[in-house]
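Written out below as structure tokens is the structure these notes cover.
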């Protein structure tokens, strides 16, 4: 495990009190200084909240224009945005977002889990959305500073965290489908407990090939809001069938792709009689999840069974279930982390997926949590990077 800290030059701004700081020089085509304006009225912090419903006292904003480039990053009191009614993000969906978490360890230190992967994915999404490039390391440093200011919001718990939502939107103030000449990058934070209300219970999925989440040549591998908004209709139909999430299928052979907003894994005895942990490959329709990659890294280091990125179909899954070759099936994501799957409603039949033992899911959840909160190091790999927010 790489235990890394960020470094940045701090200076007092003349005539300003000490939380106003000049922060980290960035490249000439971006903002030069990070300025901090603290809220005069901090909110009380609730003990327990629903995911994404209570936000911290401050936010980070950085404006960009074609004529002036990146402006100074600003940490300011949390508040509403002012947008032109013709804003391109509202009319044409020119926007994207990311999701990562900060964890508090038993030692009191705050850690970000593999944030450079989030920055890399965000940069890839920005390129696909025709939004301007940004300095990934400098944005990450600004996020670190925001978290440092909001550190009292990070729960003292291994089962809860502070969720970070970087967002990037086109703010072009005119109609017409074109590359935006103005944009806004901002970051907000909220408390995060359990993503699902089932606690430790397995979720149920509804599988129907009539709906498609993403397709070849599309933007399914980018974290764009349109990928989620267009999934709502199927999500509510899944609930009509008594299921919590959609199992997204693709193509004539009904390839298994994702589960709701999660990457999906199947632990089974495959057709060749081998014990295998399999997940669909990153072929353009699968979101490259940070938790997904971490699971692959960790289980490959276990070296206890075959770990594969390969296509899986509903026909293969149904056959394996009938032959009792399925051991576990689960979804993964930053918000949900590891989520066991218990049932799949498919073609009028409720398929039961074994999940009582949860040997792999519980083991992975513990190992990931231990790494995230700094309870253990990951000496065998340089890939599981944890960045220490504390100085």
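The values are calculated or read from the model by the stated rules, or taken from the named source; none is laboratory data. None of the values given here were measured: they were computed from a predicted structure. Neighbour counts are summed over all protein chains in view; Cβ atoms, including those assigned to glycine, are modelled from backbone coordinates with ideal geometry.
What to note about this one:
- Cβ separations smaller than 8 Å between residues 6+ apart or across chains give the following pairs from segment 147-158 residues that are touching a residue at least 24 places away in the same chain (Cβ under 8 Å) to residues that are surrounded by fewer than 20 Cβ atoms within 10 Å (Cβ to Cβ) and in a helix (DSSP H, G or I): 158/369.
- Unmet requirement for residue 152, which otherwise passes all of (1) assigned to a loop (DSSP other than H, G, I, E, B); (2) farther than 21 Å from residue 375 by Cβ: (1)
- Of residues in segment 273-293 being in contact with a strand residue (DSSP E or B) (Cβ under 9 Å, 6 or more places away or on another chain) and under 18 Å from residue 316 (Cα atoms), the one surrounded by the fewest Cβ atoms within 10 Å (Cβ to Cβ): 274
Conditions tested, residue by residue: (1) assigned to a loop (DSSP other than H, G, I, E, B); (2) touching a helix residue (DSSP H, G or I) at 6+ places or on another chain (Cβ under 7 Å).
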position	(1), (2)
267	no, yes
273	yes, no
286	yes, no
296	no, no
324	yes, no
328	no, yes
331	no, no
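- From the options 221, 253, 208, residue that is within 24 Å of residue 97 (Cβ to Cβ) and touching a helix residue (DSSP H, G or I) at 6+ places or on another chain (Cβ under 9 Å): 221
- Filter result (in a loop (DSSP other than H, G, I, E, B) and either buried (at least 21 other Cβ atoms within 10 Å of the Cβ) or free of Cβ contacts under 8 Å to residues at least 40 places away in the same chain (or both)) within segment 199-222: 199, 200, 202, 210, 211, 212, 213, 214, 220, 222
- Residues that are in a loop (DSSP other than H, G, I, E, B), under 20 Å from residue 286 (Cβ atoms) and out of contact with any strand residue (DSSP E or B) (no Cβ under 7 Å at 6 or more places or on another chain) within segment 336-359 are absent altogether.
- Criterion: over 14 Å from the mean Cα position of the chain (by Cα) and closer than 22 Å to residue 262 by Cβ - qualifying residue of 174, 159, 137, 125: 159
- Qualifying residues in segment 24-49 (those that are within 26 Å of the chain's Cα centre (by Cα), farther than 16 Å from residue 77 by Cα and surrounded by 13 or more Cβ atoms within 10 Å (Cβ to Cβ)) - the one modelled with the lowest pLDDT: 24
- Among the residues of segment 247-256, the ones that are without any contact (Cβ under 8 Å) to a residue 60 or more places away in the chain and surrounded by fewer than 24 Cβ atoms within 10 Å (Cβ to Cβ) come to 4 in all.
- Some residue of segment 115-125 being assigned to a strand (DSSP E or B) and surrounded by fewer than 23 Cβ atoms within 10 Å (Cβ to Cβ): no
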